[in-house]
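These notes concern the structure reproduced below.
Please treat every number below as a calculation from the coordinates, not as lab data. What you see is a predicted model; the values in this text were computed from it and never measured. We place every Cβ from the backbone using ideal geometry, glycine too, and count neighbours over all the protein chains shown.
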Amino acid sequence: MAIERTFSIVKPDAVAKNVIGEIYTRFERAGLKIIASKMIHMSKEQAEGFYAEHKERPFFGALVEFMTSGPVMVQVLEGENAIAANREIMGATNPQEALRGTIRADYAVSVDENAAHGSDAPESAAREIAYFFSDEEICPRTR
Ligand code: DAT
Ligand code: MG
């Protein structure tokens with residue numbers, strides 16, 4: 001499998017729980033390299049645009065409200081099979097269904113506030129990375 005990039009968010013609930021570092025450690029232990037990272041507090045427009053694919057879903061308003069309720073960490077992760085690897089360590093969307101030892105099982109309690117986001121395909125990864133990061137903000141390892 002080739003080296004891939006994926007887009008990740010440590011969501012407002014996890015930032016509020018003060019577990020940014022613990023989640024970053026899980027990325028690193030899984031062999032994923034953080035090649036871009038910043039803290040932002042999303043505007044309503046930014047969150048609506050990011051989750052545009054879900055705008056007809058009944059939970060859309062609550063999702064946007066949650067994602068703008070506090071700061072988040074946004075990051076680009078790079079590594080072997082990064083998209084699937086990140087989804088695996090995050091666990092299922094509903095923390096009640098997430099496997100033990102996954103980020104969502106350990107740091108989230110409900111589907112409404114589920115600690116982390118990870119791109120689900122190469123196309124969404126490219127779109128989501130470009131949505132939050134300019135090329136200059138992405139820093140591939142040189143050593
Ligand atoms: P994922 O974040 O695992 O990619 P998704 O893309 O289906 O899941 O949904 C995006 C987010 O929307 C998800 O992280 C939490 C919220 N969400 C999804 N399904 C939901 C539901 N049934 N009730 C409330 N929020 C939901
Ligand atoms: Mg998704």
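Points worth noting:
- Between ASP106 and ARG141, the contour length at 0.36 nm per residue exceeds the alpha carbon distance by 9.6 nm.
- Debye intensity ratio I(q)/I(0), log10, the range 59-143, q values 0.19 Å⁻¹ (C-alpha model): -1.00
- Theoretical ellipticity at 222 nm over the chain - DSSP helices of four or more residues, -39500 (n - 2.57) apiece, nearest 500: -10000 deg cm²/dmol
- Look at the alpha carbon pairs under 8 Å that are at least 6 residues apart: their mean separation over the length of the range 1-139 gives a relative contact order of 38 percent.
- Taken as Cα centroids, the range 68-102 and the range 23-55 sit 9 Å apart, rounded to the nearest whole angstrom.
- Percent of alpha-carbon pairs separated by more than 18 Å within the chain: 54
- Computed extension length for LYS38-GLU97: 18.3 nm, one decimal, from 0.36 nm per residue of separation with the Cα-Cα distance subtracted.
- Fewest-first ranking of LEU63, LEU32, using other Cβ atoms within 10 Å as the exposure measure: LEU63, LEU32
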